[in-house]
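Data first, discussion second: the structure below is written as structure tokens.
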Amino acid sequence: MTTRSGDIFSTADIEKFDLAIVYGHLGYNFLRDYWNHFSIEFPIFQSVTDPFEDERFNSRYFEYKQGQWIIFRTHYAGIGISDADLKRQLETDLAWAHGMGLKTVITNGARNIGSIPNKVHNRLLDDSRTQFLIGLVTTLQRKYPLEITLMSLNDVFTRRIDPA
């Protein structure tokens, strides 16, 4: 497993990851900007304003380039996704990738539930989710021999996280 910061869309495309599992929502955020830049490169996406809300793409595997797949997993602004739901979705996606004979996966993970307008609280919540996700991916990587990269728009996967 590797961890990085940056734009999941351009990284998945340029570095030719077999599967990109993209969690999120498009609001007034950087993910929207990155989506807009990515979507204009592919005719099938050019009319898609929000793939997380578009039933043609949300929670469906889509081959956007030969040998390169993407799936959009919604979590709503300020709400996030529970550990149990994240575990279920990620295991489903990695099992699918393994069954398809894919080798490389990139995902950005998802915000934990329980965030509030408090920076310190949310930082602790993000750190807890990061530890959970790293542990989960480590376990699932043993079950499904895939090269998995965790990527975030911020530094959550690359900064030092002290154990709780």
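The values are calculated or read from the model by the stated rules, or taken from the named source; none is laboratory data. Just so we're clear, the structure is a prediction, and the values are computed from it rather than from any experiment. As a convention, Cβ positions derive from the backbone with ideal geometry for all residues, glycine included, and neighbour counts pool all protein chains shown.
For this structure, a couple of remarks:
- Members of the stretch 84-136 found to be aliphatic (A, V, I, L, M) and outside any helix (DSSP H, G or I), listed by number: Met100, Leu102, Val105, Ile106, Ala110, Ile113, Ile116
- Within the stretch 90-104, the set of residues being within 23 Å of Phe45 (Cβ to Cβ) and crowded, with 16+ Cβ neighbours inside 10 Å comprises Asp93, Trp96, Ala97, Leu102, Thr104.
- Residue among Phe38, Phe17, Phe9 that is among the aromatic types (Phe, Trp, Tyr), in a helix (DSSP H, G or I) and closer than 21 Å to Val137 by Cβ: Phe9
- Pairing each residue of the stretch 127-154 that is closer than 17 Å to Ile21 by Cα with any residue that is crowded, with 18+ Cβ neighbours inside 10 Å and among the acidic types (Asp, Glu), provided the two are 6+ apart or on different chains, yields C-beta distances under 8 Å for Leu153/Asp7.
- Extreme residue, farthest from Asp7 (Cα to Cα), among residues of the stretch 64-79 that are hydrophobic (A, V, I, L, M, F, W, C) and surrounded by fewer than 19 Cβ atoms within 10 Å (Cβ to Cβ): Ile79
Condition check ((1) in contact with a strand residue (DSSP E or B) (Cβ under 7 Å, 6 or more places away or on another chain); (2) within 18 Å of Asn29 (Cβ to Cβ); (3) modelled with pLDDT under 90; (4) acidic (Asp, Glu)) across all residues:
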site	(1), (2), (3), (4)
Thr92	no, no, no, no
Trp96	no, no, no, no
Met100	no, no, no, no
Ile106	yes, no, no, no
Ala110	yes, yes, yes, no
Ser115	yes, yes, yes, no
Arg123	no, yes, yes, no
Gln131	no, no, no, no
Leu136	no, no, no, no
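- Extreme residue, nearest to Leu150 (Cα to Cα), among residues of the stretch 14-32 that are out of contact with any strand residue (DSSP E or B) (no Cβ under 7 Å at 6 or more places or on another chain) and not small (Gly, Ala, Ser): Glu15
- Some residue of the stretch 54-69 being within 16 Å of the chain's Cα centre (by Cα) and either under 19 Å from Val156 (Cα atoms) or in a helix (DSSP H, G or I) (or both): no
- Candidates Lys16, Lys87 - the one that is surrounded by fewer than 13 Cβ atoms within 10 Å (Cβ to Cβ) and among the basic types (Lys, Arg): Lys16
- Test: Ser82 is closer than 25 Å to Leu140 by Cα, surrounded by fewer than 18 Cβ atoms within 10 Å (Cβ to Cβ), within 13 Å of the chain's Cα centre (by Cα) and not charged (D, E, K, R): no
- When the stretch 19-45 is limited to residues that are of a type in the set (Val, Ile, Thr) and within 12 Å of the chain's Cα centre (by Cα), the one that is surrounded by the most Cβ atoms within 10 Å (Cβ to Cβ) turns out to be Ile21.
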